[in-house]
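Only one structure is covered here, and it is reproduced in the block below.
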Amino acid sequence: MNKLFALAVALSAVTASAPVAAAGAGAFSVVNQTGLNMTNLTIRRYGTDGWKALGSAPSPGARGSVAFTDPDCAFDIQATLQGVGTVVWTGVNLCEVKTVILNRNASGALWVDYE
């Protein structure tokens with residue numbers, strides 16, 4: 001009985017000390033709430049230079065699915081907006097997020113909402 005108890009304690013100690021992997025960024029949906037046609041949707045880790053294509057950008061008011069995985073959470077998302085040019089939403093948190101809503105108002109302010 002003592003050996004069984006010791007084995008149970010040893011196993012619980014091993015599993016309790018096992019590191020938990022960070023969630024990181026996963027697949028998400030992007031919504032174009034800019035009111036403008038969007039092209040060239042790209043992403044990079046926050047503050048880096050390596051932009052990667054995210055696929056086709058959704059039409060104004062539409063939603064598109066993005067297949068994406070990365071161990072980090074903070075990203076910059078870039079797009080070209082018709083009549084405006086290239087814009088960047090910085091520091092977008094993609095961990096534990098299902099939907100990223102890209103916004104722009106008439107004065108040009110950019111922000112992100114999350115679902």
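Structural remarks
- So Ala62, is it exposed (fewer than 14 other Cβ atoms within 10 Å of the Cβ) and more than 23 Å from Ala109 (Cα to Cα): no
This table checks each residue for (1) of a type in the set (D, E, K, R); (2) farther than 19 Å from Ala109 by Cα; (3) assigned to a loop (DSSP other than H, G, I, E, B).
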| residue | (1), (2), (3) |
| --- | --- |
| Ala23 | no, yes, yes |
| Asn32 | no, no, no |
| Leu36 | no, no, yes |
| Leu41 | no, no, no |
| Thr48 | no, yes, yes |
| Phe68 | no, yes, yes |
| Asp76 | yes, no, no |
| Val88 | no, no, no |
| Val92 | no, no, no |
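- Each residue in the range 72-97 was checked for being more than 15 Å from Pro60 (Cα to Cα), in contact (Cβ under 8 Å) with a residue 24 or more places away in the chain and among the polar types (S, T, N, Q), and 3 pass.
Every residue, every condition in (1) among the β-branched types (Val, Ile, Thr); (2) modelled with pLDDT under 95; (3) in contact with a helix residue (DSSP H, G or I) (Cβ under 8 Å, 6 or more places away or on another chain); (4) within 13 Å of Val30 (Cβ to Cβ), yes or no:
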site	(1), (2), (3), (4)
Val66	yes, yes, no, yes
Gln82	no, no, no, no
Val87	yes, no, no, no
Arg104	no, no, no, no
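- Whichever residue in the range 76-115 is among the small types (Gly, Ala, Ser) and in contact with a Leu (Cβ under 9 Å, 6 or more places away or on another chain) and, among such residues, is surrounded by the most Cβ atoms within 10 Å (Cβ to Cβ): Ala79
- Here is the figure for the range 94-115: residues that are part of a loop (DSSP other than H, G, I, E, B) and of a type outside the set (S, T, N, Q) total 8.
The values are calculated or read from the model by the stated rules, or taken from the named source; none is laboratory data. All values derive from a computational prediction rather than experimental measurement. Backbone-built Cβ (ideal geometry, glycine too); neighbour counts: all protein chains shown.
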